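For reference, the structure discussed in these notes is given below.
The values are calculated or read from the model by the stated rules, or taken from the named source; none is laboratory data. Quick caveat: nothing in here was measured; it's all calculated off a predicted structure. Cβ sites come from the backbone with ideal geometry, for glycine too, and all protein chains shown count toward neighbours. When the accessible area is computed, the model is the full protein with side chains, heavy atoms only, and any ligands, DNA or RNA have been set aside. Shrake-Rupley method; radii C 1.70, N 1.55, O 1.52, S 1.80 Å.
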Amino acid sequence: MQPPAAGTLRILHLSDTHLTGDGALHQGSVDTTAALDAVLAHVDGVPGVGLVVVSGDVSEDGSPESYRSVRERVGGWAERHGAAFVVVPGNHDQREGFRQVFANGHVLGEGGHPLAHTMEYLPPSVPVSGRTTVAGFRVVTVDTSVPGAGYGEVSETALERLRAALTGDPVPNGTIVVLHHPPLPSPTLLHEALRLQNPEDLAEVLAGSDVRVVLGGHQHHHAAGTLAGVPVLVAPAVANDTDVVGPYDEESAHVAAGALVVDVAADGSVWSTPVRVPRPDSDPLAFVLDAETVARIARQAGPGLR
Ligand SMILES: [Fe+2]
(Lines give C-alpha, C1' and ligand atoms only; values in the text may rest on other atoms or scores of the structure.)
Protein backbone atom coordinates (compact mmCIF):
# COMPACT_ATOMS: atom_id res chain seq x y z
CA MET A 1 0.00 0.00 0.00
CA GLN A 2 1.09 3.57 -0.68
CA PRO A 3 2.74 5.09 2.40
CA PRO A 4 0.93 8.05 3.98
CA ALA A 5 1.92 11.52 2.76
CA ALA A 6 4.18 13.58 5.03
CA GLY A 7 2.26 15.14 7.92
CA THR A 8 -0.64 12.69 7.48
CA LEU A 9 -1.85 10.47 10.32
CA ARG A 10 -2.62 6.97 9.10
CA ILE A 11 -5.18 5.12 11.21
CA LEU A 12 -5.89 1.40 11.20
CA HIS A 13 -9.58 1.41 12.09
CA LEU A 14 -10.90 -1.90 13.44
CA SER A 15 -14.32 -2.47 14.94
CA ASP A 16 -16.59 -5.06 16.49
CA THR A 17 -13.99 -7.65 17.37
CA HIS A 18 -16.50 -9.37 19.73
CA LEU A 19 -13.83 -11.47 21.42
CA THR A 20 -14.88 -14.00 24.04
CA GLY A 21 -12.94 -14.77 27.18
CA ASP A 22 -13.42 -18.53 26.86
CA GLY A 23 -13.01 -18.81 23.09
CA ALA A 24 -16.73 -19.48 22.53
CA LEU A 25 -17.82 -18.94 18.94
CA HIS A 26 -19.63 -15.67 18.17
CA GLN A 27 -23.26 -16.40 17.23
CA GLY A 28 -22.21 -20.05 17.38
CA SER A 29 -20.35 -19.76 14.10
CA VAL A 30 -17.33 -17.44 14.10
CA ASP A 31 -14.05 -17.83 15.97
CA THR A 32 -13.55 -14.09 16.48
CA THR A 33 -10.07 -14.54 17.96
CA ALA A 34 -8.97 -16.29 14.76
CA ALA A 35 -10.78 -13.64 12.70
CA LEU A 36 -8.92 -10.87 14.54
CA ASP A 37 -5.59 -12.63 14.05
CA ALA A 38 -6.36 -12.98 10.33
CA VAL A 39 -7.20 -9.28 9.99
CA LEU A 40 -4.07 -8.22 11.83
CA ALA A 41 -1.89 -10.54 9.74
CA HIS A 42 -3.52 -9.27 6.54
CA VAL A 43 -2.73 -5.61 7.31
CA ASP A 44 0.73 -6.30 8.71
CA GLY A 45 2.42 -4.76 5.68
CA VAL A 46 0.43 -1.50 5.72
CA PRO A 47 3.10 1.17 6.08
CA GLY A 48 3.09 4.21 8.32
CA VAL A 49 0.22 3.42 10.68
CA GLY A 50 0.39 5.97 13.52
CA LEU A 51 -2.80 5.05 15.34
CA VAL A 52 -4.81 1.86 15.78
CA VAL A 53 -8.43 2.22 16.83
CA VAL A 54 -11.05 -0.33 17.89
CA SER A 55 -14.42 1.44 17.76
CA GLY A 56 -16.42 -0.71 20.16
CA ASP A 57 -17.94 -4.11 20.74
CA VAL A 58 -14.38 -5.01 21.62
CA SER A 59 -15.69 -7.94 23.66
CA GLU A 60 -18.71 -10.18 23.31
CA ASP A 61 -18.94 -11.15 26.97
CA GLY A 62 -17.35 -8.21 28.78
CA SER A 63 -14.81 -10.47 30.49
CA PRO A 64 -11.38 -9.13 31.48
CA GLU A 65 -9.91 -12.17 29.63
CA SER A 66 -11.45 -11.02 26.36
CA TYR A 67 -10.07 -7.49 26.86
CA ARG A 68 -6.64 -8.89 27.71
CA SER A 69 -6.71 -10.87 24.49
CA VAL A 70 -7.47 -7.70 22.49
CA ARG A 71 -4.78 -5.81 24.42
CA GLU A 72 -2.25 -8.49 23.59
CA ARG A 73 -3.23 -8.88 19.92
CA VAL A 74 -4.16 -5.38 18.76
CA GLY A 75 -1.95 -3.61 21.31
CA GLY A 76 0.92 -5.92 20.34
CA TRP A 77 0.39 -5.05 16.66
CA ALA A 78 0.39 -1.34 17.51
CA GLU A 79 3.54 -1.64 19.61
CA ARG A 80 5.38 -3.47 16.83
CA HIS A 81 4.31 -0.82 14.32
CA GLY A 82 5.10 2.09 16.64
CA ALA A 83 1.46 3.20 16.67
CA ALA A 84 -0.79 4.64 19.35
CA PHE A 85 -3.72 2.45 20.41
CA VAL A 86 -7.18 3.63 21.41
CA VAL A 87 -10.36 1.66 22.21
CA VAL A 88 -13.90 2.71 23.06
CA PRO A 89 -16.75 0.58 24.46
CA GLY A 90 -19.78 -0.51 22.44
CA ASN A 91 -23.12 -1.99 23.45
CA HIS A 92 -21.66 -5.46 24.02
CA ASP A 93 -18.89 -4.17 26.27
CA GLN A 94 -18.98 -4.01 30.05
CA ARG A 95 -17.37 -0.86 31.42
CA GLU A 96 -15.98 -2.66 34.48
CA GLY A 97 -14.00 -5.30 32.57
CA PHE A 98 -13.06 -2.75 29.90
CA ARG A 99 -11.60 -0.35 32.49
CA GLN A 100 -9.71 -3.13 34.29
CA VAL A 101 -7.63 -3.71 31.16
CA PHE A 102 -7.83 -0.49 29.14
CA ALA A 103 -8.42 2.20 31.82
CA ASN A 104 -9.90 5.10 29.81
CA GLY A 105 -9.23 3.33 26.50
CA HIS A 106 -6.17 5.35 25.56
CA VAL A 107 -3.75 2.49 25.93
CA LEU A 108 -0.69 3.43 23.88
CA GLY A 109 0.41 6.93 22.98
CA GLU A 110 2.33 8.30 20.04
CA GLY A 111 5.03 5.90 18.89
CA GLY A 112 3.33 2.95 20.61
CA HIS A 113 4.50 3.80 24.12
CA PRO A 114 2.23 2.72 27.02
CA LEU A 115 0.30 5.57 28.64
CA ALA A 116 0.23 5.82 32.42
CA HIS A 117 -3.18 5.98 34.09
CA THR A 118 -4.27 6.64 37.63
CA MET A 119 -6.50 3.65 38.33
CA GLU A 120 -9.28 5.43 40.22
CA TYR A 121 -12.48 3.40 40.54
CA LEU A 122 -15.38 4.64 38.46
CA PRO A 123 -18.81 2.96 38.64
CA PRO A 124 -20.18 1.40 35.42
CA SER A 125 -22.74 4.22 35.20
CA VAL A 126 -19.95 6.65 34.27
CA PRO A 127 -19.11 6.61 30.56
CA VAL A 128 -15.53 5.83 29.55
CA SER A 129 -13.92 8.86 28.03
CA GLY A 130 -10.44 10.00 27.22
CA ARG A 131 -8.27 12.08 24.95
CA THR A 132 -4.71 12.01 23.74
CA THR A 133 -2.66 13.79 21.12
CA VAL A 134 -1.17 11.80 18.25
CA ALA A 135 0.89 13.44 15.50
CA GLY A 136 -0.66 16.85 16.18
CA PHE A 137 -4.21 15.46 16.20
CA ARG A 138 -6.43 15.34 19.24
CA VAL A 139 -7.99 11.88 19.55
CA VAL A 140 -11.17 11.93 21.64
CA THR A 141 -13.15 8.82 22.56
CA VAL A 142 -16.89 9.12 23.24
CA ASP A 143 -18.67 6.24 24.99
CA THR A 144 -22.11 5.88 23.33
CA SER A 145 -23.01 2.66 25.14
CA VAL A 146 -26.01 2.53 27.45
CA PRO A 147 -25.55 -0.12 30.19
CA GLY A 148 -27.93 -3.01 29.58
CA ALA A 149 -29.13 -1.70 26.20
CA GLY A 150 -28.20 -2.28 22.57
CA TYR A 151 -28.97 1.21 21.28
CA GLY A 152 -26.61 4.12 21.71
CA GLU A 153 -26.79 7.55 23.25
CA VAL A 154 -24.34 10.35 23.85
CA SER A 155 -25.06 11.12 27.49
CA GLU A 156 -24.92 14.64 28.91
CA THR A 157 -21.68 13.67 30.69
CA ALA A 158 -20.10 12.38 27.47
CA LEU A 159 -21.22 15.48 25.54
CA GLU A 160 -19.81 17.74 28.22
CA ARG A 161 -16.46 15.95 28.09
CA LEU A 162 -16.37 16.16 24.31
CA ARG A 163 -17.13 19.89 24.46
CA ALA A 164 -14.38 20.36 27.04
CA ALA A 165 -11.90 18.39 24.92
CA LEU A 166 -12.69 20.44 21.81
CA THR A 167 -12.30 23.73 23.61
CA GLY A 168 -9.16 22.66 25.48
CA ASP A 169 -5.58 23.37 24.48
CA PRO A 170 -5.46 23.91 20.72
CA VAL A 171 -3.81 21.28 18.54
CA PRO A 172 -2.30 22.02 15.14
CA ASN A 173 -4.14 19.45 13.02
CA GLY A 174 -7.64 19.08 14.47
CA THR A 175 -9.60 16.34 16.21
CA ILE A 176 -10.52 12.73 15.51
CA VAL A 177 -13.59 11.43 17.37
CA VAL A 178 -13.93 7.69 18.02
CA LEU A 179 -17.25 6.17 19.11
CA HIS A 180 -19.26 2.98 18.64
CA HIS A 181 -22.80 3.91 17.47
CA PRO A 182 -22.37 6.05 14.35
CA PRO A 183 -24.65 9.09 13.95
CA LEU A 184 -26.04 7.72 10.68
CA PRO A 185 -29.14 5.80 9.60
CA SER A 186 -28.81 2.01 9.35
CA PRO A 187 -29.63 -0.29 6.44
CA THR A 188 -31.52 -2.89 8.50
CA LEU A 189 -34.44 -2.60 10.93
CA LEU A 190 -32.56 -4.22 13.76
CA HIS A 191 -29.61 -1.85 13.51
CA GLU A 192 -31.97 1.09 13.03
CA ALA A 193 -33.67 0.15 16.32
CA LEU A 194 -30.25 0.04 17.97
CA ARG A 195 -28.90 3.23 16.43
CA LEU A 196 -27.56 6.35 18.14
CA GLN A 197 -30.66 8.04 19.55
CA ASN A 198 -29.45 11.64 19.66
CA PRO A 199 -27.24 12.42 16.67
CA GLU A 200 -28.52 16.02 16.77
CA ASP A 201 -26.80 16.58 20.13
CA LEU A 202 -23.54 15.35 18.68
CA ALA A 203 -24.08 17.48 15.56
CA GLU A 204 -24.43 20.57 17.73
CA VAL A 205 -21.04 19.95 19.31
CA LEU A 206 -19.33 19.08 16.01
CA ALA A 207 -20.65 22.11 14.10
CA GLY A 208 -17.90 24.67 13.70
CA SER A 209 -15.41 22.55 15.65
CA ASP A 210 -12.01 21.29 14.48
CA VAL A 211 -13.27 17.67 14.23
CA ARG A 212 -11.96 16.19 10.94
CA VAL A 213 -13.58 12.77 11.08
CA VAL A 214 -15.81 10.60 13.27
CA LEU A 215 -14.87 6.90 13.36
CA GLY A 216 -17.53 4.38 14.36
CA GLY A 217 -18.62 0.76 14.03
CA HIS A 218 -21.71 -1.12 15.25
CA GLN A 219 -23.31 -1.72 11.82
CA HIS A 220 -20.92 -4.59 10.98
CA HIS A 221 -20.64 -3.18 7.46
CA HIS A 222 -18.67 -0.36 5.93
CA ALA A 223 -20.61 2.88 5.50
CA ALA A 224 -19.77 6.55 5.10
CA GLY A 225 -21.75 9.76 5.61
CA THR A 226 -21.50 13.18 7.19
CA LEU A 227 -22.80 14.86 10.33
CA ALA A 228 -22.69 18.64 10.56
CA GLY A 229 -20.41 18.51 7.53
CA VAL A 230 -17.93 16.19 9.27
CA PRO A 231 -17.16 12.84 7.57
CA VAL A 232 -18.42 9.81 9.48
CA LEU A 233 -16.76 6.49 8.66
CA VAL A 234 -18.13 3.16 9.79
CA ALA A 235 -15.56 0.36 9.79
CA PRO A 236 -16.52 -3.15 8.72
CA ALA A 237 -16.55 -5.60 11.62
CA VAL A 238 -13.96 -8.20 12.44
CA ALA A 239 -16.70 -10.59 13.61
CA ASN A 240 -19.03 -10.76 10.56
CA ASP A 241 -20.54 -8.67 7.77
CA THR A 242 -24.21 -7.59 7.85
CA ASP A 243 -26.24 -8.48 4.77
CA VAL A 244 -27.43 -4.94 4.00
CA VAL A 245 -29.46 -5.74 0.88
CA GLY A 246 -31.79 -8.38 2.33
CA PRO A 247 -35.38 -7.66 3.51
CA TYR A 248 -35.36 -4.60 5.80
CA ASP A 249 -37.07 -6.41 8.68
CA GLU A 250 -34.73 -9.41 8.66
CA GLU A 251 -31.17 -9.61 9.84
CA SER A 252 -28.39 -11.86 8.63
CA ALA A 253 -24.65 -11.68 8.27
CA HIS A 254 -21.93 -13.30 6.23
CA VAL A 255 -18.71 -14.73 7.59
CA ALA A 256 -16.36 -11.93 6.54
CA ALA A 257 -13.96 -9.49 8.16
CA GLY A 258 -12.47 -6.16 7.22
CA ALA A 259 -11.00 -2.90 8.38
CA LEU A 260 -10.42 0.66 7.21
CA VAL A 261 -7.13 2.41 6.60
CA VAL A 262 -7.92 6.09 7.16
CA ASP A 263 -5.45 8.85 6.30
CA VAL A 264 -6.12 12.25 7.85
CA ALA A 265 -3.91 15.00 6.46
CA ALA A 266 -2.75 18.04 8.39
CA ASP A 267 -5.13 20.21 6.32
CA GLY A 268 -8.08 18.04 7.40
CA SER A 269 -8.44 16.04 4.16
CA VAL A 270 -9.60 12.48 4.75
CA TRP A 271 -8.89 9.44 2.61
CA SER A 272 -10.32 6.09 3.64
CA THR A 273 -9.48 2.73 2.10
CA PRO A 274 -11.69 -0.21 3.07
CA VAL A 275 -9.79 -3.48 3.42
CA ARG A 276 -11.56 -6.79 2.95
CA VAL A 277 -9.82 -9.80 4.43
CA PRO A 278 -10.09 -12.90 2.24
CA ARG A 279 -11.11 -16.08 3.99
CA PRO A 280 -8.45 -18.75 3.84
CA ASP A 281 -10.86 -21.24 2.28
CA SER A 282 -12.07 -18.98 -0.53
CA ASP A 283 -11.28 -15.91 -2.58
CA PRO A 284 -8.43 -17.08 -4.81
CA LEU A 285 -6.61 -14.11 -6.32
CA ALA A 286 -8.07 -12.98 -9.64
CA PHE A 287 -4.65 -11.83 -10.86
CA VAL A 288 -1.22 -10.65 -9.72
CA LEU A 289 0.97 -8.17 -11.58
CA ASP A 290 4.62 -7.90 -10.55
CA ALA A 291 6.23 -4.51 -9.89
CA GLU A 292 7.87 -4.40 -13.31
CA THR A 293 4.57 -4.94 -15.14
CA VAL A 294 2.80 -2.36 -12.96
CA ALA A 295 5.55 0.18 -13.70
CA ARG A 296 5.28 -0.50 -17.44
CA ILE A 297 1.49 -0.08 -17.52
CA ALA A 298 1.66 3.03 -15.34
CA ARG A 299 4.30 4.48 -17.68
CA GLN A 300 2.24 3.71 -20.76
CA ALA A 301 -1.20 4.64 -19.45
CA GLY A 302 -0.70 7.22 -16.71
CA PRO A 303 0.81 10.72 -16.55
CA GLY A 304 3.03 9.98 -13.54
CA LEU A 305 5.82 7.53 -12.71
CA ARG A 306 7.80 8.50 -15.84
FE1 LIG B 1 -21.03 -5.33 17.15
Residue within the stretch 103-115 that is modelled with pLDDT of 95 or more, within 17 Å of the chain's Cα centre (by Cα), within 16 Å of the ligand (Cβ to nearest atom) and among the polar types (S, T, N, Q) present: no
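Do you know which of the residues in the stretch 147-185 that are among the hydroxyl-bearing types (Ser, Thr, Tyr) and over 17 Å from the mean Cα position of the chain (by Cα) is farthest from the ligand (Cβ to nearest atom)? I'd like the intermediate steps shown before the answer.
First pass over the stretch 147-185, keeping only residues among the hydroxyl-bearing types (Ser, Thr, Tyr): 151, 155, 157, 167, 175.
Checking which are over 17 Å from the mean Cα position of the chain (by Cα) leaves us with 151, 155, 157, 167.
Working: Tyr151: 13, Ser155: 20, Thr157: 23, Thr167: 32 Å.
If we take residues in the stretch 147-185 being among the hydroxyl-bearing types (Ser, Thr, Tyr) and over 17 Å from the mean Cα position of the chain (by Cα), then Thr167 is farthest from the ligand (Cβ to nearest atom).
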Residues of the stretch 1-46 classified as at pLDDT 95 or above, in a strand (DSSP E or B) and within 15 Å of the ligand (Cβ to nearest atom), total: 3
In the stretch 189-224, the residues that are open to solvent by less than 60 Å² (accessible area, probe 1.4 Å), assigned to a loop (DSSP other than H, G, I, E, B), more than 16 Å from the ligand (Cβ to nearest atom) and in contact with an Asp or Glu (Cβ under 9 Å, 6 or more places away or on another chain): Asn198
Set Val88, Val128: member being crowded, with 22+ Cβ neighbours inside 10 Å and either touching a helix residue (DSSP H, G or I) at 6+ places or on another chain (Cβ under 7 Å) or polar (S, T, N, Q) (or both): Val128
Qualifying residue in the stretch 136-151 (condition: in contact (Cβ under 8 Å) with a residue 12 or more places away in the chain, more than 24 Å from Val264 (Cα to Cα) and basic (Lys, Arg)): no
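Please go through the stretch 225-255 and give me each residue that is within 14 Å of the ligand (Cβ to nearest atom) and either under 23 Å from Leu40 (Cβ atoms) or among the hydroxyl-bearing types (Ser, Thr, Tyr) (or both), ordered by number. Before the answer, list the steps.
If we filter the stretch 225-255 for residues that are within 14 Å of the ligand (Cβ to nearest atom), which is where we start, we get 234-242, 251, 253.
Of everything in the stretch 225-255, those that are within 14 Å of the ligand (Cβ to nearest atom) and either under 23 Å from Leu40 (Cβ atoms) or among the hydroxyl-bearing types (Ser, Thr, Tyr) (or both) turn out to be Val234, Ala235, Pro236, Ala237, Val238, Ala239, Asn240, Asp241, Thr242, Ala253.
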